[in-house]
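Data first, discussion second: the structure below is written as structure tokens.
The values are calculated or read from the model by the stated rules, or taken from the named source; none is laboratory data. For clarity, every value in this text was computed on a predicted model and none was experimentally measured. Counting neighbours? That spans all protein chains shown, and the Cβs are built from the backbone with ideal geometry, glycine included. With ligands, DNA and RNA removed, areas are computed over all heavy atoms of the protein, side chains included. Shrake-Rupley method; radii C 1.70, N 1.55, O 1.52, S 1.80 Å.
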Amino acid sequence: MVDIREEKGDEADGRAVVLFSGGQDSTTCLAWALARFAHVETVAVDYRQRHRIELDCRKQVLAELHHLSDRWPGRLGTHHLIDLAALSDISETALTRAQEIAIGASGLPTTFVPGRNILFLALAGAVAWRSGARHIVGGMCETDYSGYPDCRDDTIKAMQLVLNLGMDARFVIHTPLMWIDKAATWRLAADLGGEALVALIREHTHTCYLGDREHHHDWGWGCGACPACRLRAHGWDRYQASRSV
Ligand code: ZN
């Protein structure tokens with residue numbers, strides 16, 4: 001059994017809802033939550049993303065994540081898959097249409113889906129409200145990212161305020177990856193679940209915007225050329241380099 005870092009304290013009996021898509025970041029966040037909270041539910045959203053294959057990948061991740069710590073299986077609760085096709089209907093982006101991935105006229109990448117994380121957090125808040133969970137966990141990051149404004153820390157803090165005002169709640173939104181780069185995200189996975197979690201992320205998570213599951217690399221499956229693949233690959237290279245020093 002790997003040496004799993006377990007957090008104890010005030011949150012040991014807490015309930016959490018994790019935004020879990022089946023990608024590297026959200027899988028790391030799910031492990032982070034399992035190490036801290038007694039009851040963890042997950043929320044995935046089908047918004048007809050071009051890389052919907054991530055939703056299939058998430059099933060395998062959920063099935064295997066159980067085995068990485070003796071304490072984790074009893075902590076995983078309901079997995080919610082929410083249909084949000086309307087987001088694709090109203091979005092003209094490279095993640096929801098066959099468009100080129102480039103920098104758009106707005107100065108943002110064409111992969112930016114306006115409102116996506118705002119809607120996701122609202123949905124997670126609704127699930128958390130119903131299940132009595134205080135904690136909401138998301139993989140948003142503004143350290144090593146694509147410049148999406150809804151990944152910024154200020155946006156998340158504002159959403160926490162909105163959810164608490166709008167639902168008369170005391171939610172805390174956690175973003176464990178906000179201030180770390182992709183190399184540190186790999187390292188965090190190793191800290192939480194050892195090499196077994198790193199191997200699971202490499203083999204079973206999906207990050208590639210194009211949904212490529214044909215090309216395999218050291219860092220996992222993907223086209224190797226889209227911005228998501230490049231970030232993941234670059235982080236993996238730096239993580240490997242840091243381990244060999
Ligand atoms: Zn790719």
Q) What number of residues within the stretch 223-245 satisfy the criterion of being over 24 Å from Asp191 (Cβ atoms) and in a loop (DSSP other than H, G, I, E, B)? A) 4
Q: Select, from Ile82, Ile118, Ile53, Ile90, the only residue that is under 21 Å from Asp144 (Cα atoms) and out of contact with any Pro (no Cβ under 6 Å at 6 or more places or on another chain).
A: Ile118
(Q) Any residue in the stretch 221-245 that is at positive phi sitting within a Cβ distance under 9 Å of a residue that is part of a helix (DSSP H, G or I)? List the pairs, counting only those 6 or more apart or interchain. (A) Gly222/Ala228; Gly222/Cys229; Gly222/Arg232; Gly222/Ala233; Gly224/Arg230; Gly224/Ala233
Q: Could you please give the count of residues in the stretch 209-226 that are among the aromatic types (Phe, Trp, Tyr) and open to solvent by 50 Å² or more (accessible area, probe 1.4 Å)?
A: 1
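Residues checked against (1) open to solvent by less than 10 Å² (accessible area, probe 1.4 Å); (2) of a type in the set (A, V, I, L, M, F, W, C); (3) over 28 Å from His67 (Cα atoms); (4) in contact with a Phe, Trp or Tyr (Cβ under 7 Å, 6 or more places away or on another chain):
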| position | (1), (2), (3), (4) |
| --- | --- |
| Ser146 | no, no, yes, no |
| Leu192 | yes, yes, no, yes |
| Ile201 | yes, yes, no, no |
| Cys229 | yes, yes, no, no |
| Val245 | no, yes, yes, no |
Q: Out of the residues in the stretch 196-235 that are among the β-branched types (Val, Ile, Thr) and more than 9 Å from the ligand (Cβ to nearest atom), state the one that is farthest from Asp56 (Cα to Cα).
A: Val198
Q | Residues located in the stretch 62-110, provided they are open to solvent by 30 Å² or more (accessible area, probe 1.4 Å) and assigned to a helix (DSSP H, G or I) | A | Ala63, Glu64, His66, His67, Pro73, Gly74, Ala86, Asp89, Ile90
Q. Does the stretch 26-56 hold any residues that are buried (at least 16 other Cβ atoms within 10 Å of the Cβ), at pLDDT below 95 and part of a helix (DSSP H, G or I), and which are they?
A. Ile53, Glu54, Leu55
Q: Give the residues of the stretch 25-73 that are aliphatic (A, V, I, L, M), within 20 Å of Glu203 (Cα to Cα) and touching an Asp or Glu at 6+ places or on another chain (Cβ under 8 Å), sorted by residue number.
A: Leu55
Q: Give the residue that is farthest from Pro176 (Cα to Cα), with candidates limited to residues of the stretch 111-139 that are touching a Cys at 6+ places or on another chain (Cβ under 9 Å) and outside any loop (DSSP other than H, G, I, E, B).
A: Asn117
